[in-house]
1. Can you pull the percent of Cα pairs in the chain with separation above 36 Å?
2. Relative contact order for the chain using alpha-carbon pairs under 8 Å, separation at least 6, rounded to a whole percent?
3. Report, in debye and to the nearest 20, how large the dipole of region 192-301 comes out about its Cα centre when Lys and Arg carry +1 and Asp and Glu carry -1 on their Cβ.
4. Sorted from largest to smallest, which semi-axis lengths in Å does the alpha carbon gyration tensor of region 39-149 give for its equivalent ellipsoid, taking the root of 5 times each eigenvalue?
5. Taking only the alpha-carbon atoms of region 133-233, what semi-axes of the equivalent ellipsoid follow from 5 times the gyration tensor eigenvalues under a square root, in whole Å, largest first?
6. Where nothing but the Cβ of Lys and Arg (+1) and of Asp and Glu (-1) is charged, how large is the charge dipole of region 170-233 around its Cα centre, in debye to the nearest 20?
7. So, how do all the Cα-to-Cα distances of region 146-301 break down into 10 Å bins, in percent, from 0 on up?
8. Based solely on its DSSP helices, what 222 nm [θ] is calculated for the chain when runs of n ≥ 4 H residues each add -39,500 (n - 2.57) and the sum is averaged over all residues, nearest 500 deg cm²/dmol?
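Just so it is clear, none of the values below were taken in a lab; they were calculated from the coordinates. Worth saying up front: this structure is predicted, and the values here are computed from it rather than measured. Cβ sites come from the backbone with ideal geometry, for glycine too, and all protein chains shown count toward neighbours.
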Amino acid sequence: AGEVKPEKASKPPADSIVEISSRERVVFPDSGQTKGELADYYTAIAPLMLPFAAERPVSLVRCPQGRAKKCFFQKHDSGGLGDAVHHVPIKEKDGGTEDYLFVRDTTGILQCVQMGTIEFHGWASRSGDVEKPDRMIFDLDPDEGLDFDSVKQAASDIRDRLAELGLTSFAMLSGGKGVHVVVPLRTGHGWDAHKDFARRFAEAMAMAEPERFTATMSKAKRKGKIFIDWLRNQRGSTAVLPYSARARSGAPVAVPIGWGELKDMEDAHPFSISDADRLLKRSRTKALTGWGFADQRLPDL
Ligand code: ATP
Ligand code: MN
Ligand code: MN
């Protein structure tokens, strides 16, 4: 289970250089990084990103005029992305079928960047078997004004609670305001069981400490609390992928972080696309060894 059938090798492996046009175009006006710098970031970081990004249906946040102008969330091919951006047909709820996008190499990532992509969001399953999710994400969304300490505390409480259920989890700084708690899972169960577990887990946390957590999306019910966004775990939902850049002020990136390191973080966006070297160095530290990998199945809850 979990394997992905490789496409027929009709073309040579596609890890070649992608021509990036308008390298000097400023994509992040407040911090100054250009399209060329964004492409260089992804070129450097692709080996770290691909284990988590490759073969998953992705949604792209494209901002062809830079992040301060109009951006759009793209799930399907509108043409022109390139031959290393592959298609996977996925059944829609209405019975029809739509082609979703996935990449499997650096070239695919860069072809998306060439077309104005800043962010990469991925499904919780792989294109080889989209009906079998292989990771669960609890996306912690703090109410406005809540300090980052509460987010960190929430993340480690969720880690502890998951550990009681026998599940190893990992922390990722979203590059925005929150932390994602990531639970890698062996494939086998379907979306209903996946979503059901995530919902019940989040609801149990909220029930136990209603003054800290909520499991409902409603902003009104979030006052002073953290929304444990379990809705990332339903079929068709996406979450930002590890090492994706964010179309936000300062060109931040989503970064894996060790549980021990989380304590020292002051916010969810300490790294930017200008930090590729530091990120590569960090990835070899003990704190990040094995990040995102655990051979475990979804328990019954
Ligand atoms: P933050 O830490 O600031 O919350 P985030 O990436 O977790 O950053 P959310 O707003 O919580 O941002 O969104 C969670 C996920 O929902 C996103 O990562 C993305 O995959 C998905 N999402 C966000 N906007 C859209 C959209 N317009 N269409 C579809 N999915 C979206
Ligand atoms: Mn979030
Ligand atoms: Mn969310």
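1. Here the long-distance tail beyond 36 Å is 14 percent of all Cα pairs in the chain.
2. 21
3. 260
4. Result for region 39-149: semi-axes of 23, 20, 16 Å.
5. Three semi-axes, in Å: 22, 14, 12.
6. Details: 12 positive and 6 negative charges, 53 e Å.
The dipole magnitude comes to about 260 debye.
7. 10, 38, 38, 13, 0
8. Details: 6 runs with 75 residues, N = 301.
Only helices count here, giving -8000 deg cm²/dmol.
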